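Taken together, the values in this text are just the output of simple stated rules run on the coordinates, not laboratory data. Worth saying up front: this structure is predicted, and the values here are computed from it rather than measured. Quick reminder, even Gly has a Cβ in these numbers, built from the backbone with ideal geometry, and neighbours come from all protein chains shown.
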Amino acid sequence: MCDLPNKAEAIIFDDGIAAMTDIHYNIVPSNPQAHLFTITCTINKPDPDGQVLSMPAWIPGSYMIRDFAKNIVSIQASCGGDLLAMEKLDKQSWSCAPCAEPLTVVYEVYAWDLSVRTAHLDTTHGYFNGTSVFLCVQGQEHDPCHVNILHPAGEQYKDWQVATAMSTDGAALHGFGRYIAQGYDELIDHPVEMGNFSLATFDVAGVPHDIAITGRHQADMDRLCRDLKIICEQHVALFGELPDMQRYVFQVMAVGEGYGGLEHRASTSLLCSRNDLPRVGVDEVSEEYRCFLGLCSHEYFHTWNIKRIKPAAFIPYDLEKEAYTHLMWMFEGITSYYDDLALLRTGLIDVESYLELVAQNITRLLRSPGRLKQSVWDSSFYKWTKFYQQDENAPNAIVSYYVKGALIALGLDLTIRQQTEHAASLDDVMRYLWQHYGSKGVGVPDVSIEKEIADQFGLQLNDFFTRYLRGTEELPLQQWFSDVGIEYHCFPAKSSRDKGGKLLSSQMNKVSLGARFVECAQGAKLSHVFDQGAAQTAGLAAGDVILALDGLRVDHKNLEKRLADYKAGDAVSTHVFRRDELMVFDLVMQAAVDDTCALKLKGDVPEWLKPVASN
């Protein structure tokens, strides 16, 4: 249990300046070795009937109930220096007994999730999202909140700095001390990184942009600044302005293996492999660095598209339960379209590289049988369960609103350009949504983008949205690309490591197992079994471990080589372990499917792919 502060400490900052707001938080990495933050929340004017406090169940941008309150290790309240009763109302809420003086609540939060969604603390750094550490004062959600971020005790932490876009209220730039947020929604939208990170800054539209990289790395910070600057400027040019902010921060955690990002109103938290970062003396854009730039581009585009241009269901956020919308295809799919397109438009990658990325996205779609069962419209709605809680049958049952959503956005862009003879494009639609929804804080209804395209551009695209967005019809990809002078090729994968995007001259797979497999000590373990494939037809299931084909041992390393010895129609005696039972199946090989895509420019670069000047 934490030591409670006395009455005076509960309502003043550490430097003795009186707190002028009704809500004040102190947060300190109190025990980095045990991964514990200690938070003190002081409410100067608590509800006289008993103050209710709650912790969010989810974080905007990650649509899964995570129940952050489960990480609270201890909690207690006091009033006038005396302990105060707290009643647990549900899994994430407490009610404090009535008190006439300022209410102080002290609690510890366990932080050991190295992700962009929650909080992480050890002796090397600290990181937190507000949804993981700050209790919400019910009834006072719109009141300003002062936050005092305190330095961990100990000589080893003396050089730690702070990287956050939260407005300072006395704290020095990149320093510990006082910060302020104009309400709880803003408070939880400014994650904080602390530690000995690498730091560099560049300017976009008169606003300083920081890059703070935590973790061991050898990144070329100058090049990173140059490249991110032109990506950010490209997105600002598209929308016409940068939203009002004092500072933008790229918080990067470099690890051995990892990938992820979460958008915020004036920052983004990123997780990447240290090998994804550019190295000094290396000029080309590697596949790994291209991936990292695409991630940064994606999250920065969200500064407009989801952080300001929001679905009506998110205004305001209800962080206690799920918020449903059919529009995630628009916010994630359209963003996924523009993230790599911005790399092309800025000249960071060439047309061949961009088409490779698009073809890899098409490959991911073609390898998802669920695209024929679930629409992107429904995938957006069921993100809380089916998309964010995928199981071994997910590829057969669902479609990604990121993957197919990006291709729908591409098709929508090409369709608008074609029907207006390039007088308009999806760029214009996004600017309109920013000007009439995002900049005004107005939520976007589910059918608004269709209505706005019709009203503002005179285009009736009901058939497009009915067939490809709300339906499960295959996208006419070959036709879309043919219309703009791009060859569309589909063929069997060369191996399980073939991500698509390249026209290969070497031999392709002749047969398909109809399943994905992963490494296993005993053999090759099936992780996913596809509908109507050879494995499913024979009776194999996810979790089965293949031990032998025709009496010869196989494992994850040589299974594909063994499969190459067969042709379609061959019957293969297959020994597997299902749990601890040895079973034998008659596996009839099927011809490999054309689920791998490559795109090739036939002639001149189409208008769609040409660099875009500032708008």
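Rounded to the nearest 20 debye, the dipole magnitude of the chain is 1320 debye, with +1 charges on Lys and Arg beta carbons, -1 on Asp and Glu beta carbons, and the Cα centre as origin.
Sites listed here are trypsin sites (Lys or Arg not before Pro) in segment 164-223 whose DSSP assignment is loop and whose Cβ has at most 11 other Cβ atoms within 10 Å: Arg216. Note on Tyr488 and Lys502: the extension gain reaches 3.9 nm, defined as 0.36 nm multiplied by sequence separation minus the Cα-Cα distance.
The mean of 1/r over all distinct Cα pairs in segment 7-196, once inverted, gives the Kirkwood hydrodynamic radius of 16.6 Å. Its alpha carbons give segment 511-591 an Rg and a Dmax of 11.0, 31 Å. With contacts taken as Cα pairs under 8 Å at a separation of at least 6 residues, the chain carries a relative contact order of 10 percent. Please list log₁₀ I(q)/I(0) at q = 0.08 Å⁻¹ for the chain, using the Debye equation with identical point scatterers on the alpha-carbon positions. Treating every Cα as an identical point scatterer, log10 I(q)/I(0) equals -0.66. When you count the other C-beta atoms within 10 angstrom of each residue and take the mean per peptide, 404-414, 361-371, 458-468 line up highest first as 404-414, 361-371, 458-468. Taken about its Cα centre, segment 514-615 carries a charge dipole of roughly 260 debye when the Cβ of each Lys and Arg holds +1 and the Cβ of each Asp and Glu holds -1. For trypsin sites (Lys or Arg not before Pro), the sites in segment 285-335 that DSSP calls loop and that have at most 15 other Cβ atoms within 10 Å are Lys321. The residue list Leu114, Gln460, Val511 was ranked by how far each Cα lies along the charge dipole of the chain toward its positive end, using unit charges on Cβ atoms, and Val511 comes out on top. Rg and Dmax, both from the Cα atoms of segment 197-277 and both in Å, are 12.7, 38. Can you pick out the pairs among Lys386/Lys494; Lys383/Lys561; Lys440/Lys602; Lys91/Lys383; Lys310/Lys502; Lys91/Lys229 whose Cα atoms lie more than 32 Å from each other? Flagged as over cut-off: Lys383/Lys561; Lys440/Lys602; Lys310/Lys502; Lys91/Lys229. This model, with +1 at the C-beta of Lys and Arg and -1 at the C-beta of Asp and Glu, gives segment 447-563 a dipole about its Cα centre of some 740 debye.
The mean sequence distance of close C-alpha pairs (under 8 Å, at least 6 residues apart), as a share of the length of segment 7-196, puts its relative contact order at 24 percent.
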